[in-house]
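Shown next, in structure tokens, is the structure this report addresses.
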Amino acid sequence: MRRILQKPYVYWIIGIFISYIFINLLISGFYQTIPLIIAYAGSINWLELIISIIFSITIGSLVSINAVYAFIKYKERQQWKKCKEAGVLTGLGTLGGLATGFCPLCITGLFPLIFGLLGISFSFAALPLKGIEIQLLVIIILSLSLYLLNKK
């Protein structure tokens, strides 16, 4: 695990993290929501918004760490089968993170966008914690993936 903090890999982690955050901003349209947040600051549940943004940054960090660590483990073993489960979980976590966006309640995200193309109305606002539970599930999946990579 310490190898990911060495010089070439730490640059990859930073690059993947920035790319993930940028793609997440584009897909979710959060950049369009920022002026609305400022305009309607009095009616926003700040706790939910801050938790959601912290979870999104955590997901981005875990995605980048998992990707680099899976690459390191693959290079060590030269066998994809031993890293396959962790790679699948990392992919699921990445898609789940992109699905929720930065704020699952106030923006589109990937799943509502795809369902909207199919004519199905969907919003994370219908969930009990307004989509934060999806982000928490994604964090658990990515943590499990990191555990599986570290275990092998």
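Quick note: the coordinates plus some simple rules give every number you see, no bench work behind them. Here the structure is a predicted model, which is why all the values come from computation and not from measurement. Virtual Cβ from ideal backbone geometry, glycine too; neighbours counted across all protein chains shown.
Ranked highest first by the average count of other Cβ atoms within 10 Å around their residues, in what order do 12-18, 91-97 fall? Walk me through the numbers before you get to the answer.
On the way: 12-18: 15.4, 91-97: 20.0.
So the peptides 12-18, 91-97, ranked by packing, come out 91-97, 12-18.
Estimated at 0.36 nm per residue, the fully extended path between residue 39 and residue 117 surpasses their Cα-Cα distance by 25.1 nm.
Size of the range 1-101: Rg and Dmax of its alpha carbons, in Å, are 16.4, 55.
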